[in-house]
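Here's the structure we're looking at; comments come further down.
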Protein chains: 6
Amino acid sequence: MRAMLLGRFQPFHLGHARVVEHALEAYEGLVLIIGSATESYTYANPFTGGERHLMIQRTLEDMEARQVSIVSVPDIHRYGVYASHVADLAPPFDVVLSNKELIRYIFEKEGYRVESTPVFKRQTYAGTEVRRRMATGEDWRSLVPDGVAEVVDRIGGAERVKGLYAIERSST
Amino acid sequence: MRAMLLGRFQPFHLGHARVVEHALEAYEGLVLIIGSATESYTYANPFTGGERHLMIQRTLEDMEARQVSIVSVPDIHRYGVYASHVADLAPPFDVVLSNKELIRYIFEKEGYRVESTPVFKRQTYAGTEVRRRMATGEDWRSLVPDGVAEVVDRIGGAERVKGLYAIERSST
Amino acid sequence: MRAMLLGRFQPFHLGHARVVEHALEAYEGLVLIIGSATESYTYANPFTGGERHLMIQRTLEDMEARQVSIVSVPDIHRYGVYASHVADLAPPFDVVLSNKELIRYIFEKEGYRVESTPVFKRQTYAGTEVRRRMATGEDWRSLVPDGVAEVVDRIGGAERVKGLYAIERSST
Amino acid sequence: MRAMLLGRFQPFHLGHARVVEHALEAYEGLVLIIGSATESYTYANPFTGGERHLMIQRTLEDMEARQVSIVSVPDIHRYGVYASHVADLAPPFDVVLSNKELIRYIFEKEGYRVESTPVFKRQTYAGTEVRRRMATGEDWRSLVPDGVAEVVDRIGGAERVKGLYAIERSST
Amino acid sequence: MRAMLLGRFQPFHLGHARVVEHALEAYEGLVLIIGSATESYTYANPFTGGERHLMIQRTLEDMEARQVSIVSVPDIHRYGVYASHVADLAPPFDVVLSNKELIRYIFEKEGYRVESTPVFKRQTYAGTEVRRRMATGEDWRSLVPDGVAEVVDRIGGAERVKGLYAIERSST
Amino acid sequence: MRAMLLGRFQPFHLGHARVVEHALEAYEGLVLIIGSATESYTYANPFTGGERHLMIQRTLEDMEARQVSIVSVPDIHRYGVYASHVADLAPPFDVVLSNKELIRYIFEKEGYRVESTPVFKRQTYAGTEVRRRMATGEDWRSLVPDGVAEVVDRIGGAERVKGLYAIERSST
């Protein structure tokens, strides 16, 4: 059986890496969906789909996690067909790994099995916390895999997040 | 430098595999773009984006070609912004590998270097020929990597192509 | 069990009316999907979604066919998610009535049962024939229910089809 | 003259039913537009277009209100062309029934007559109040027609609204 | 009264210039709509919306035609709402100048007056003829205003058209 | 060198006029982009693209500012390709004039030079202030060029803004 894990990965962090490890132990393969793939350059979604793809690919190489497919999925803005939209773009999967109720609703409606994942320090290992630290200049590197930090550094990602945070705060 | 190769891969065949081998010798890495990712169930585009992703992933595993990113890109129906649309969804690349003049135009316009690729029996190793053989019941397996043939068999792909060909012929 | 019948209904004709009768005998209810709902003012699709809705509603009133839901569905241009798109907009149905192979493929893929419908003089009772007769000034009224003829007359539909045919022929 | 009534009908309630009764007394026919037809699975828009269609159809059958066309209209996200978008998908109408100023603006701009409707206990007979009661487990059945309650029960609608409310509250 | 003239202007030629002159004599002002504004890099639509805007602007400056608004309008792919889409993006106009029946249909439906324009050597002063000459290397400059020729030269437009023609011919 | 200035111009005010004057002194020409061109009939975006085009055109005529191209650009809802989307629809430009950090990010990423503009009483000469005064019935005419005031008066713009403000306040 193959599992599917869906996230925006803004950015991919150590909590995500733990779920990937868990999935690779429990299932034959994993489809990792980068959601909201065409969103970027906002404080909530600072990185492009392509940048996030690269961050994740680097990390999986370091983890030697080969049975993982990375698939970018643009938003379709229709929860009623979202499961079908993902299934159209992704290699086949049997189980959806998610702790989000909405994901559960819209994939169970299409007949998928949905399972919870173990949670690893949810407050710390969270995209919002990583971005908050980037915005304030605190340590964010300890929350992400090395491959992610390397890509973030190369594209000036922390500075971008800081800038986007300032933009958002000033326009309120 | 990293190269980019764009195709619809309906399906991925041995000609594509040769270009991938060439690219991995000549460049540090390769971004493989599955174009027209949301097109499927027509004779010209029989396989879904997800099915094509799986075919390619299997083949790259067999080739032990690890420095390849597979990225699905839906059509945007605007050549004027297509290069930018691809760049938004794909990890960074420097060189575009293509023998198509239109691709050359729209990527050179955005400042990319575009290079031709060696061609390998263009008439035989071609998506149209693979689909034609599937439609007529001739041997198509010798034109595609084993991993592709395996996926096509599992999803009943040759029968689907035969059916889509009949639909198209009858509606003319 | 409830059935679903999908067509463009350009316009709704007596062949369609027969299938509706058949469906209402065999099933508890019928969902009638007006496909390509936002297409209009071409020779292939001369009538707007709203005009087609009205033609069908008049006919169903005359037939006293009350267990029918009329639902307009715009094209989504993705066969891979089309079944899900229809299901999102339509009241629930169990069986798809269709003689088209493509419809069979894309609804069976989502787990629907697809059944053929009896065909009633397919060459004559066909949208293409009705439109051809409108374009050439031949008798088209005998091919459509009275309610449809009445709506076509009120909106100047036959003249519109004649005009659109001339446009198409001149631009070839 | 035919009237048009536009709403999201999340869900259709007794206030809406009163307006329908009023319209059928005052006009020859009614076009009932289900707006935001592709929105679903949010607390503000919990039900799919198809589910809402069914709720309304059941109610109209019970009311023996036959001169009503039900038409689903997806959002076009452009107020400047919205009236034309509705007119393209709906059977013809002459008068728009609405108490909303924005609807008045955008339909009067296109030459439609817009009339107010009698209001029936606006605080109670309101979609927000029905959904609030579903979310909190209070009595919502007394606010909706029997046909609506029946459909909501069959699809587990009240539980869904409760779940969506929890999701929304937790993400604030 | 203000007139509106709609075209794709691929490219703007002397026939168009004559119609503009005619319009400025007969009406107080002119709205010039660049249709299919996001189409480019095909043989039928070689120039981007921005390039066409520049060609027309140069020509109008040379003609000292100041009462003209240039407005780019992307396709909406729905004839049923196209008139409203144009009206939303353009300054107000009263009369539509067109010899195309389809344009007549869809603007008269929305209450506009549609008038024919004088035709000036239709076979020669035509976008298809200008593009054909660019593709074959024949004289095209005599068919377009100087300002257009200047812009075409600066962007390598004739070479582009020649290339796009070759692409199209080879893919048939 | 040609400059580009991007705004929503809801409405165009004297602060904008100053920047245009500045740009015409410093550069050979100016491309003035009307952003969010299809947004209208909200309090934040009360005027249609066509209405804003007319306001600006009137003002430029009064300023005798001839080297200005006015180009309407609909939102594409993807910052990652926005610069390319603008470049596709606009005549060529070299420098982007903007004091907004987000604009700086997304145009510098595509290789454009971005320059700040002199600011002229930012609190007063601001779209939000003009709309606020329209909503409250205070003097807004002194903040906009005469040509803008004339167009606003002709379309009943201040009353519309007042109405939209009331709608927004009541729905909070």
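The values are calculated or read from the model by the stated rules, or taken from the named source; none is laboratory data. Keep in mind that this is a model prediction, so the values were computed, not measured. Virtual Cβ from ideal backbone geometry, glycine too; neighbours counted across all protein chains shown.
Side notes on the structure shown:
- The lone exception for D:Glu138 - which of (1) surrounded by 15 or more Cβ atoms within 10 Å (Cβ to Cβ); (2) assigned to a loop (DSSP other than H, G, I, E, B); (3) modelled with pLDDT of 95 or more it fails: (1)
- Residue within the stretch E:66-76 that is surrounded by fewer than 24 Cβ atoms within 10 Å (Cβ to Cβ), within 12 Å of chain D (Cβ to nearest Cβ) and over 17 Å from E:Phe9 (Cβ atoms) present: yes
Quick grid of which residues meet (1) more than 20 Å from C:Arg154 (Cα to Cα); (2) modelled with pLDDT under 95; (3) out of contact with any Lys or Arg (no Cβ under 8 Å at 6 or more places or on another chain):
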residue	(1), (2), (3)
C:Val20	yes, no, yes
C:Ala23	yes, no, yes
C:Ile34	yes, no, no
C:Ile56	no, no, yes
C:Glu64	yes, yes, yes
C:Tyr82	yes, no, yes
C:Asp88	yes, no, no
C:Asn99	yes, yes, yes
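- Hits in the stretch A:92-108 - residues which are of a type in the set (D, E, K, R) and under 15 Å from D:Val161 (Cα atoms): A:Glu101, A:Arg104
- Filtering the stretch F:1-14 to residues that are in contact with a helix residue (DSSP H, G or I) (Cβ under 6 Å, 6 or more places away or on another chain), assigned to a loop (DSSP other than H, G, I, E, B) and not aromatic (Phe, Trp, Tyr) leaves F:Gln10, F:Pro11, F:His13.
- The single residue among A:Thr128, A:Thr124 that is out of contact with any Phe, Trp or Tyr (no Cβ under 9 Å at 6 or more places or on another chain), surrounded by fewer than 17 Cβ atoms within 10 Å (Cβ to Cβ), more than 14 Å from chain B (Cβ to nearest Cβ) and in a loop (DSSP other than H, G, I, E, B) turns out to be A:Thr124.
- Of the listed requirements (1) surrounded by 21 or more Cβ atoms within 10 Å (Cβ to Cβ); (2) aliphatic (A, V, I, L, M); (3) closer than 18 Å to D:Leu143 by Cα, D:Met63 misses just one: (1).
Okay, residues lined up against (1) farther than 30 Å from F:Asp75 by Cα; (2) in a loop (DSSP other than H, G, I, E, B); (3) under 12 Å from the mean Cα position of the chain (by Cα):
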residue	(1), (2), (3)
A:His16	yes, no, yes
A:Leu30	yes, no, no
A:Ile33	no, no, yes
A:Ser40	no, yes, no
A:Asn45	no, yes, yes
A:Arg52	no, no, yes
A:Met55	no, no, yes
A:Arg58	yes, no, no
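- Of all residues in the stretch E:66-80, those satisfying the criterion of being farther than 21 Å from F:Leu32 by Cβ and either modelled with pLDDT under 95 or not charged (D, E, K, R) (or both) are E:Ile76, E:His77, E:Tyr79, E:Gly80.
- Every pair of residues 6+ apart whose Cβ atoms lie under 6 Å, when the first sits in the stretch D:39-57 and is more than 9 Å from chain A (Cβ to nearest Cβ) while the second is in a helix (DSSP H, G or I) and of a type in the set (D, E, K, R): D:Tyr43/D:Glu168; D:Pro46/D:Arg160
- Scanning the stretch F:136-154 for residues that are more than 19 Å from the chain's Cα centre (by Cα) and either under 12 Å from F:Ala44 (Cα atoms) or more than 11 Å from every other protein chain (Cβ to nearest Cβ) (or both) gives F:Thr136, F:Gly137, F:Glu138, F:Asp139.
- B:Thr117 being without any contact (Cβ under 8 Å) to a residue 60 or more places away in the chain and within 30 Å of E:Lys162 (Cα to Cα): no
- As for the stretch C:118-132, it holds at least one residue that is modelled with pLDDT under 95, farther than 17 Å from C:Ile34 by Cα and in contact with a Lys or Arg (Cβ under 7 Å, 6 or more places away or on another chain).
- Considering the conditions (1) of a type in the set (D, E, K, R); (2) touching a helix residue (DSSP H, G or I) at 6+ places or on another chain (Cβ under 8 Å); (3) in contact (Cβ under 8 Å) with a residue 24 or more places away in the chain; (4) over 18 Å from C:Pro92 (Cβ atoms), D:Arg18 is excluded by exactly one of them, (2).
- Scanning the stretch A:77-109 for residues that are assigned to a helix (DSSP H, G or I), within 9 Å of another protein chain (Cβ to nearest Cβ), among the aliphatic types (A, V, I, L, M) and in contact (Cβ under 8 Å) with a residue 12 or more places away in the chain yields A:Ala83, A:Val86, A:Ala87, A:Leu89, A:Leu102, A:Ile106.
- If you go through the stretch A:155-172 and keep only what is modelled with pLDDT of 95 or more and more than 9 Å from every other protein chain (Cβ to nearest Cβ), you end up with A:Gly156, A:Gly157, A:Ala158, A:Glu159, A:Val161, A:Lys162, A:Tyr165.
- Yes/no for C:Val86 being over 20 Å from D:Glu39 (Cα atoms) and of a type in the set (A, V, I, L, M): no
- Looking only at the stretch B:20-35, and only at residues there that are touching a Pro at 6+ places or on another chain (Cβ under 9 Å) and within 11 Å of another protein chain (Cβ to nearest Cβ), the one that is surrounded by the fewest Cβ atoms within 10 Å (Cβ to Cβ): B:Gly29
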